[in-house]
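What follows is one structure encoded as structure tokens, with my remarks underneath.
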Amino acid sequence: MSKKLKFFLGISYLLILLIFLYFIFSQIEFNRLNDFLYYKEIQINVEKFIGRSLYFNIIIFFLFSIIWVSLLGFGSPLLIISGILFGKWIGTLVSVVSISLGALLLYTFASFFFKELVYEKVNKKFNHYIILFKKNEFYYFFIYRFVGGLGIPFFLQNILPVIFDMKKINYFFSSLLGFIPGFFIFNTIGSGLNDYVKQSENFSIFKLILTKDIYFPIILFLIIIVVSAIIKKKIFYEKR
């Protein structure tokens, strides 16, 4: 494929991304973000809308998540939203599979169009991790996903394996399995937020934190941070 065609497709990709983001954020009433009644209205309307056709809405959200992640979108907002819309169990299942597929599409796209650019920008900075990944790409990339990508931005996590030509099947399944613990926690928080908004008449950060569906996943999240720190030290740092 010629450089001109690659450039054209790359520019088209970025243009689609900007249009997509504009459409999403144009739906938000930013002047009402500090109004608790605004969130109650949203919660009621969303619950009614989802309840009319649950399976259809799951499919729409599933496809939306794939597109969002493939267009360099953040993962965390999707996890909270999926928990709000579908609860912690269904939300986790939908988000884990869809985001894994979206990440795979982004990885495939980056491998095809931007391999040289990715290699140039991140090869030296992440050379140590690349050496580990090459030893056992499935195992180390699974750990990498499990510990949250070592603090690397989500979109960059998704394209980093471009450097060592990771097999797509290993990329997908190591991501799928590695995502589950963290994604479950965020979906549980989203589900807890939805229940809190539904049951409360006004907002109280103190009451919110003391809600079981909020403080319990936060405790789990802190445990994962500690476990992740140990794993990072034992696997990624001590082998330098």
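The values are calculated or read from the model by the stated rules, or taken from the named source; none is laboratory data. It should be emphasised that the depicted structure is a prediction, and the values quoted were computed from it without experimental measurement. Note that each Cβ is placed from the backbone with ideal geometry, even for glycine, and that neighbours are counted across all protein chains shown.
Total residues in region 45-67 satisfying the condition of being touching a residue at least 40 places away in the same chain (Cβ under 8 Å) and closer than 16 Å to PHE109 by Cβ: the figure is 1.
Quick grid of which residues meet (1) touching a residue at least 24 places away in the same chain (Cβ under 8 Å); (2) over 30 Å from LEU208 (Cβ atoms):
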| position | (1), (2) |
| --- | --- |
| PHE155 | yes, no |
| LEU160 | yes, yes |
| TYR171 | yes, yes |
| SER174 | yes, yes |
| PHE179 | yes, no |
| PHE183 | yes, no |
| PHE186 | yes, no |
| SER191 | yes, no |
| TYR196 | no, no |
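Exactly one residue out of PHE154, PHE221, PHE133, PHE203 is surrounded by 12 or more Cβ atoms within 10 Å (Cβ to Cβ), of a type in the set (A, V, I, L, M, F, W, C) and touching a Pro at 6+ places or on another chain (Cβ under 9 Å): that is PHE133.
Conditions (1) over 18 Å from GLY91 (Cα atoms); (2) modelled with pLDDT under 75; (3) charged (D, E, K, R), marked per residue:
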position	(1), (2), (3)
ILE180	no, no, no
ILE185	no, no, no
PHE206	yes, yes, no
ILE219	yes, no, no
ARG240	yes, yes, yes
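As for region 187-194, it holds at least one residue that is touching a Lys or Arg at 6+ places or on another chain (Cβ under 9 Å), within 30 Å of ILE16 (Cβ to Cβ), part of a helix (DSSP H, G or I) and at pLDDT 75 or above.
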